[in-house]
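Notes follow once the structure below has been shown.
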Amino acid sequence: MLLRQRADSWASRLKVAPRLVRVQRMTRKWGSCSTRGTITLAADLIEQDRHFQDFVVAHELLHLRVPNHGRLFKALMTAHVPDWRSFDVVR
């Protein structure tokens with residue numbers, strides 16, 4: 001599954017609507033979410049394990065609902081990606 005399709009699937013599941021999902025070269029992060037609703041995913045994320053892809057995509061999309069990494073964000077991550085903590089590493 002391509003990254004944009006994965007993002008569309010997760011957006012539906014999480015009931016969020018990103019303004020734009022783009023895939024581009026990123027050297028410092030796997031993904032980002034802008035305050036304007038743009039989700040950016042690293043092009044080389046496609047080379048990673050699909051579970052890690054799900055973690056990154058869900059993480060960025062959930063920022064459309066919760067803009068920080070507080071308790072609510074972590075609770076939502078646990079609800080949707082139960083093993084997310086095993087992937088929570090800095091690139």
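What the table below lists for this structure:
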{"read-out": "Filtered residues of the range 1-21 (kept if more than 20 Å from D44 (Cβ to Cβ) and exposed (fewer than 10 other Cβ atoms within 10 Å of the Cβ))", "value": "K15"}
{"read-out": "Cβ-Cβ under 8 Å pairs, at least 6 apart or on other chains, the range 66-91 side free of Cβ contacts under 8 Å to residues at least 40 places away in the same chain and under 18 Å from T35 (Cα atoms), far side open to solvent by 100 Å² or more (accessible area, probe 1.4 Å) and not in a loop (DSSP other than H, G, I, E, B)", "value": "V66/L72"}
{"read-out": "Those residues of the range 22-42 which are hydrophobic (A, V, I, L, M, F, W, C) and either over 13 Å from the mean Cα position of the chain (by Cα) or open to solvent by less than 20 Å² (accessible area, probe 1.4 Å) (or both), in sequence order", "value": "M26, I39, L41, A42"}
{"read-out": "Members of the range 43-91 found to be small (G, A, S) and more than 10 Å from the chain's Cα centre (by Cα), listed by number", "value": "A43, G70, A75, A79, S86"}
{"read-out": "Qualifying residue in the range 61-84 (condition: closer than 16 Å to L2 by Cβ, of a type outside the set (S, T, N, Q) and exposed (fewer than 14 other Cβ atoms within 10 Å of the Cβ))", "value": "no"}
{"read-out": "Members of the range 13-41 found to be among the basic types (K, R), in contact (Cβ under 8 Å) with a residue 40 or more places away in the chain and over 12 Å from L61 (Cβ atoms), listed by number", "value": "R28, K29"}
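The values are calculated or read from the model by the stated rules, or taken from the named source; none is laboratory data. Keep in mind the model is a prediction, meaning the values are calculated, not measured. Because the Cβ atoms are built from the backbone with ideal geometry, glycine has one as well, and the counts that use them run over all protein chains shown. What goes into the accessible areas is simple: the full protein's heavy atoms, side chains included, and nothing from ligands, DNA or RNA. Shrake-Rupley method; radii C 1.70, N 1.55, O 1.52, S 1.80 Å.
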